[in-house]
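Chemist: Following this message is one structure expressed as structure tokens.
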Amino acid sequence: MTPSRPPAAIPGPPGRPSPGASSSPSVGVSGITKRFGAVQALGGVTLDFPPGQITALMGENGAGKSTLLKILTGDHQPTEGHVVVDGEPVELDSPARARAAGIRIIPQEPETIPHISVAENVYAGSLPHKSGRMLDRAELDRRIRADLDRLGFAHVLEPGLLGSQLTPAQRQLVEIMRALTGGSQARLIAFDEPTSSLSEHEVDALFALIRRLREQGIAIVYVSHRMQEIFQLADRIAVLRDGSLVGVQDARNTDEGELVRLMVGRDLSGMFVRQRVATDRLVLDVKNLTTDDVTGISLQVHAGEVVGLAGLIGAGRSELALALAGDLPVRSGTATLDGELLRSGNPGAVIRAGLGVAPEERKAQALFLQQPIRDNTSLVVLDRLRRLRFIRRDAERTLAQEFSDRLRVRTPSIDHEVRKLSGGNQQKVVLARWLARKPKVLILDEPTRGIDVGAKAEIYQIIADLAADGIALLVISSELPELLGLADRVVVMQGGRITGELDRSEATEESILALAMADDIVGAAPGATS
């Protein structure tokens, strides 16, 4: 039987409590302290999550956000304090107990079963059956299509697709549907960085859904590093720092500067500190480069120069980076590095020529998460660390420690597994790898995605230092303030082509968007995705 569901309400205005919001919280935490051995992750946190309101949870990586969410969902047990449901303390000793209490979480890293369909992934554990054990595929299809329509995802999710065929964005949407269908009625739903893999259109659909849930009286917890999203959605903003709750602000009566001061304990108004250090020495020269995804790309990057690469989803920016790195075949055109032709389809030769890429999906494309910092750092310099056929482990440790210290990677030791690091520290490990290689050109694809504001400031300083050292940098970013703060020039792409180039003195968000949304592009590459 299909569980009953409340009717979808008309979305209310963003940033305002819904008419049905209650001052009496249905879910909250009281005096929550959590210790892991000698490390205190949370200290005495008391916070309510009013029904019918969106509470944004902010803080630097390591501030305690994830630990608090895991306590709410029964994955961790508090050392002191308790979760409160309807005014009564409850013991959530398992995720199943939390779900029965009406608490859901949409995790940052979606998990789907690769060999079954979207519909089966969504209803795993509650599939409709007939004639005993036989799956009722007609009922399954009816149910998934009804829920896709109800939640507004019918245009982006095909019920019959296998989990292995889904994009990161589609996997995220499957997680959302899984949390919102079947079982007991949700009281609180927590979204952990839900838009990190979504397109603009998918983000709009998600925000409309969240507002509908708010209007239905559900408490929403929204975790994100993106300030624009926070102010677009949130009614109130709770800030954690070093495991303590340092403030709860009305979203309508605060600003970015105040939130940053609460998060990091200092003013970061001067995050972008670089001065122009570009030289006349041409390092990367791309001429009429064409692949299956981009067409006729020509651009140049000089030593010490930071060139920003802007564009909307589908512009082909990441595909251009992978083509330059030798990972995607080039149909025509050339790319030279210090006059040396880069060989298409040969990443090893490209690395030896002096070009490195820190890709957009660092966990999937750049890091060996189960391996220590040491192994991840030395990956592209093993040829320099070998003696005969053996790696000189002492030299490897010295190298990894040097760059870990230089980039201020926060870790107990270089033997620490990368998967246990925060997003900002994982990105520093990727950068440490390339600094160890001493590249002439470094391409950074979304270098601060999923990174808190304090770590962003550190990454920006690293980029400035690399430019000062004479490295040519091509920075791909979807955050326009980031590009405007970092780049000497901004090259704009749309549909796999370059639509314009702006000097730092003339680049604005408006001028970049005008080029990114140009509608006179003919023959745009159909396969471009980002």
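The values are calculated or read from the model by the stated rules, or taken from the named source; none is laboratory data. These figures come from a predicted structure and were not determined experimentally. Here the Cβ is made from the backbone with ideal geometry for all residues, glycine too, and neighbour counts use every protein chain on show.
Chemist: Filter segment 87-106 for residues that are surrounded by 13 or more Cβ atoms within 10 Å (Cβ to Cβ) and either more than 20 Å from residue 179 (Cα to Cα) or of a type in the set (D, E, K, R) (or both) and give the result.
Modeler: Going through segment 87-106, the residues surrounded by 13 or more Cβ atoms within 10 Å (Cβ to Cβ) turn out to be 90, 92, 94-95, 97-106.
Listed by number, the residues that qualify are 90, 97, 99, 104.
Chemist: Now, a different point. Please indicate, with yes or no, whether at least one residue in segment 447-458 is crowded, with 18+ Cβ neighbours inside 10 Å, at pLDDT 90 or above and within 20 Å of the chain's Cα centre (by Cα).
Modeler: no
Chemist: Any residue in segment 281-309 that's in contact (Cβ under 8 Å) with a residue 12 or more places away in the chain: show its pairings with residues that are among the polar types (S, T, N, Q) and assigned to a loop (DSSP other than H, G, I, E, B) at Cβ separation under 8 Å, as long as the two are six or more apart or on different chains.
Modeler: Once the first residue is in contact (Cβ under 8 Å) with a residue 12 or more places away in the chain and sits in segment 281-309, its partners that are among the polar types (S, T, N, Q) and assigned to a loop (DSSP other than H, G, I, E, B) give 293/529; 302/279; 303/279; 304/279; 305/279; 308/477; 309/477.
Chemist: Could you tell me whether any residue of segment 449-456 is among the charged types (D, E, K, R), in the same structural domain as residue 504 (by TED's automatic domain parsing) and part of a loop (DSSP other than H, G, I, E, B)? Quick ask: steps written out before the conclusion?
Modeler: Step one: list which residues in segment 449-456 are among the charged types (D, E, K, R), which gives 449, 452, 456.
Applying the additional criterion that residues be in the same structural domain as residue 504 (by TED's automatic domain parsing) yields 449, 452, 456.
Then drop every residue that is not part of a loop (DSSP other than H, G, I, E, B), which leaves 449, 452.
Yes.
Chemist: Hand me the list of strands (runs of 3 or more DSSP E) wholly inside segment 34-106 holding 3 or more residues that are of a type in the set (Gly, Ala, Ser).
Modeler: Details: elements: 39-49, 54-58, 80-85, 88-90, 103-106.
By residue number, 39-49.
Chemist: Is there any pair linking a residue in segment 35-62 that is closer than 17 Å to residue 222 by Cβ to one that is at pLDDT 95 or above and among the basic types (Lys, Arg), with Cβ under 9 Å and at least six apart or on different chains, and which?
Modeler: Between residues of segment 35-62 that are closer than 17 Å to residue 222 by Cβ and residues that are at pLDDT 95 or above and among the basic types (Lys, Arg), the close pairs are 50/236; 53/236; 54/236; 55/236; 56/236.
Here's the yes/no breakdown for (1) hydrophobic (A, V, I, L, M, F, W, C); (2) in contact with a Leu (Cβ under 6 Å, 6 or more places away or on another chain); (3) farther than 18 Å from residue 476 by Cα:
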residue	(1), (2), (3)
275	no, no, yes
286	yes, yes, no
291	no, yes, yes
298	no, no, no
304	no, no, no
321	yes, no, no
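Chemist: Quick one: which helices (runs of 4 or more DSSP H) sit completely within segment 240-355 and have at least 1 residues that are over 30 Å from residue 223 (Cβ atoms)?
Modeler: 317-324, 347-353
Chemist: Quick one: in segment 470-500, of everything that is over 22 Å from the mean Cα position of the chain (by Cα) and free of Cβ contacts under 8 Å to residues at least 60 places away in the same chain, which residue is surrounded by the most Cβ atoms within 10 Å (Cβ to Cβ)?
Modeler: In this case the residue turns out to be 499.
Chemist: Looking only at segment 310-358, how many residues end up being charged (D, E, K, R) and without any contact (Cβ under 8 Å) to a residue 40 or more places away in the chain?
Modeler: Of the residues in that region, 4 qualify.
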